[in-house]
1. Gain in length, R209 to D99, computed as 0.36 nm per residue apart minus the alpha-carbon separation, to one decimal in nm?
2. Using the structure shown, list the pairs from K122/K235; K38/K305; K40/K239; K19/K239; K122/K239 with a Cα-Cα distance above 30 Å, or answer none.
3. Quick one: Cα centre-to-centre distance for the range 251-292 and the range 138-213, in angstrom?
4. Hydropathy first: keep DSSP H helices in the chain averaging at least -1.0 on Kyte-Doolittle, then drop any whose Cα extent along the axis falls short of 18 Å, and list what survives.
5. Taking only protein heavy atoms and a 1.4 Å probe, what accessible area per residue, in Å², does the range 1-112 have with all protein chains in place?
6. Are there any chymotrypsin sites (Phe, Trp or Tyr not before Pro) in the range 182-269 that are in a DSSP loop and have at most 14 other Cβ atoms within 10 Å? List them by number.
7. Give me log10 I(q)/I(0) at q = 0.14 Å⁻¹ for the range 135-255, Debye formula, one equal scatterer per alpha-carbon, no solvent.
8. Please report the net charge: other residues with Cβ closer than 10 Å to the Cβ of I37, K and R +1, D and E -1.
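The values are calculated or read from the model by the stated rules, or taken from the named source; none is laboratory data. Bear in mind the structure is a predicted one, so any value in this text is a computation, not a measurement. Neighbour counts are summed over all protein chains in view; Cβ atoms, including those assigned to glycine, are modelled from backbone coordinates with ideal geometry. Surface areas here come from the heavy atoms of the whole protein model, side chains and all, with no ligands, DNA or RNA. Shrake-Rupley method; radii C 1.70, N 1.55, O 1.52, S 1.80 Å.
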Amino acid sequence: MGERTMKAMAYASYGGVEKLEQLELPLPKVGPGTVRIKIKAAGVNPVDWKIMAGYLDPIMDVHFPAVPGWDVAGVVDAVGFDTPEFNIGDEVHAYGRRDTVGIGSFAQYITLPAGAVAHKPKQLSFEEAAALPLTGGTALRALDALELAPGQTLLIHNGAGGVGQAAIQIGRAAGARVLATASERNHELLASLGAEPLTYGEGLVESVRALAPGGVDAVADFHGGALEDTLAVLKESGKHASIADGTVGEHGGRYIWVRPDGRELARIDELVEAGKLSVHVVSSYPMQEAAAAITQSMGGHAGGKIVLTEFTD
Ligand SMILES: NC(=O)c1ccc[n+]([C@@H]2O[C@H](COP(=O)([O-])OP(=O)(O)OC[C@H]3O[C@@H](n4cnc5c(N)ncnc54)[C@H](OP(=O)(O)O)[C@@H]3O)[C@@H](O)[C@H]2O)c1
């Protein structure tokens, strides 16, 4: 019997989007404690092109040809031995980062450890469900680190990105007042999510002080390059964290890195089910147009999530 195969977008060496090509790869096997997902949608994140460019090479082994994509939603089509959490036909989603780079969601199928996977909330389309795990998990982890109490004020650098939009809503659900930065064209969006919008760049410290004269209790940096502003507006007792600035640890902050964790994802899904968290998908592309999707992400101003759909032959 011939080996079963699947279509995937992949790259054989580090570089830009021109390295992406459609390949025929072996259908992934299904080991103990894993589920294989027939992919309906894959989320696109900045980390995908950063990995393709080789930025993570110092810390993660890579297996070429590498399939990009760590966010996925789809339907379980096979389960490994002793995986009682999932059944064939279940609609699921996951942040599917592995310990090495190579297995990704820009493909027709992916096999993931059951511990990374959660059932898809009915309220979300597959596109929305694929757009949530990485950014939602990052936002949750950052806000957990900040230990926000109801009534406290949180400042978010980059409220308009995927992580920022999730964090605004998680912060509001926790009872915090949220100030968040974006360019002016995204201020209405930030306000609709429950944040008080501010423009990033020159004058930010003054605008934060105008809204919070005593300083803010917590700062979440989702862009990088914001440390000076953070320290200028943070109360002495305040906490700060960054997902994009590895130096924050030297200044009393926490450097956050999202982990694949189905239980954490289930916590995010509970907020979705309670109507407290929504996902804003701005663009979707067929799998074969992954290069265009990544190019849009590289532009840095998507203002919401980009996804791949149509995983056809
Ligand atoms: N450590 C981790 O675990 C982790 C996890 C996820 C993401 N990240 C990193 O965190 C960053 C954000 O991720 P993301 O998924 O939210 O990205 P994203 O969705 O691509 O963010 C795009 C948004 O960034 C905003 N932006 C651009 N320049 C800005 C600035 N100077 N100040 C504030 N906002 C600005 C833009 O808003 P305007 O259009 O209004 O300018 C745009 O909508 C990326 O660098 C990503 O690689 C790290």
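1. 35.4 nm
2. Over 30 Å apart, Cα to Cα: K122/K235; K40/K239; K19/K239; K122/K239.
3. If we compute the Cα centre of each part, the gap is 17 Å.
4. Sorted by number, the helices that extend far enough and score high enough are 133-146.
5. Solvent-accessible surface per residue comes out at 45 Å².
6. Within the range 182-269, the qualifying chymotrypsin sites (Phe, Trp or Tyr not before Pro) (loop, at most 14 other Cβ atoms within 10 Å) are W257.
7. Once normalised to I(0) and log-transformed, intensities are -0.47.
8. Overall, the nearby charge balance is 0.
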